[in-house]
Every structure is written in C-alpha cells, then in structure tokens.
Amino acid sequence: QVHVVESGGGLVQPGGSLRLSCAATGSIFRMYSMYWYRQAPGNERELVAGISSGGITDYADSVKGRFTISRDNDKNAVYLQMNSLKPEDTAVYYCNAGGREHGSWGQGIQVTVSS
C-alpha cells in the first residue's frame, strides 16, 4: 500500500501561484494512478486532477489551463502546479493514491487564496 503526505500549501494572493507536493512511500508507487482532490467548507470533496501510471493527465473544468499535475517516479512524488489562483480555489487539498473508493489519502493541506 502507498502512503502519501502533502506539502506546499499556504496563503497566496489572487493571481498568484503555488506548488503542492505529495511524497509517497512504497516501491510500487509507479504503478498507481495519482490524484489531487480538494474540499472547501460546506462542499463535497471534488477531483481536481489525476495522472495515470503512464502519465496521462485529466483535469476538472474549473482548473484546466491553470493547474498542472505531474509525477516523478524516481522520487515517488506527485506535484500540482497551481497558477492564476482564484479565491474559489481556497480549500483543503488532498493527495490520493489509487482512487477515491479504495485509495490512500494524505492528511490534507490548506490552500487559501485571498488578498
């Protein structure tokens, strides 16, 4: 099983950028599809971006063109580069290994977009 830990969140002004990192343990990391989810207060947890073991990516419509997911299998890491951030991107962001139903979740990290 893969365990994941997020880092890189914080406070940023609208229009700014942040890069989230997800460090994973487990020698079979490269076999997992990896995801970033987010959850804002009062909202359900939603999928932000995903990357397959082969590097195929997918994004929520709300972040297309602004966010980029990538992975480094040699470092057991996944990244989420977030540009042109908006206040509505404010949420707790979660890294997930293996999918919503049966995957492993990190503890979450706060991203706040505010002036």
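The values are calculated or read from the model by the stated rules, or taken from the named source; none is laboratory data. Source: prediction; values computed, not measured. Note: ideal-geometry Cβ built from the backbone for every residue, glycine included; neighbour counts use all protein chains shown. Please note that ligands, DNA and RNA were not included when accessible areas were found on the heavy atoms of the full protein model with its side chains. Shrake-Rupley method; radii C 1.70, N 1.55, O 1.52, S 1.80 Å.
General remarks:
- If you go through the stretch 60-92 and keep only what is within 20 Å of GLY108 (Cβ to Cβ) and open to solvent by 50 Å² or more (accessible area, probe 1.4 Å), you end up with SER62, GLN81, LYS86, PRO87, GLU88.
- Yes/no for SER70 being outside any strand (DSSP E or B) and either touching a residue at least 60 places away in the same chain (Cβ under 8 Å) or under 14 Å from the mean Cα position of the chain (by Cα) (or both): no
- Boolean, GLY42 is within 15 Å of ASP72 (Cβ to Cβ) and either of a type in the set (Ser, Thr, Tyr) or open to solvent by 20 Å² or more (accessible area, probe 1.4 Å) (or both): no
- Listed conditions (1) closer than 19 Å to VAL2 by Cα; (2) open to solvent by 80 Å² or more (accessible area, probe 1.4 Å); (3) hydroxyl-bearing (Ser, Thr, Tyr); (4) touching a residue at least 60 places away in the same chain (Cβ under 8 Å) are all met by TYR32, apart from (2).
- Residues in the stretch 35-45 that are assigned to a strand (DSSP E or B) and closer than 16 Å to VAL113 by Cβ: 3 in all.
- Total residues in the stretch 50-66 satisfying the condition of being assigned to a strand (DSSP E or B) and in contact (Cβ under 8 Å) with a residue 24 or more places away in the chain: the figure is 1.
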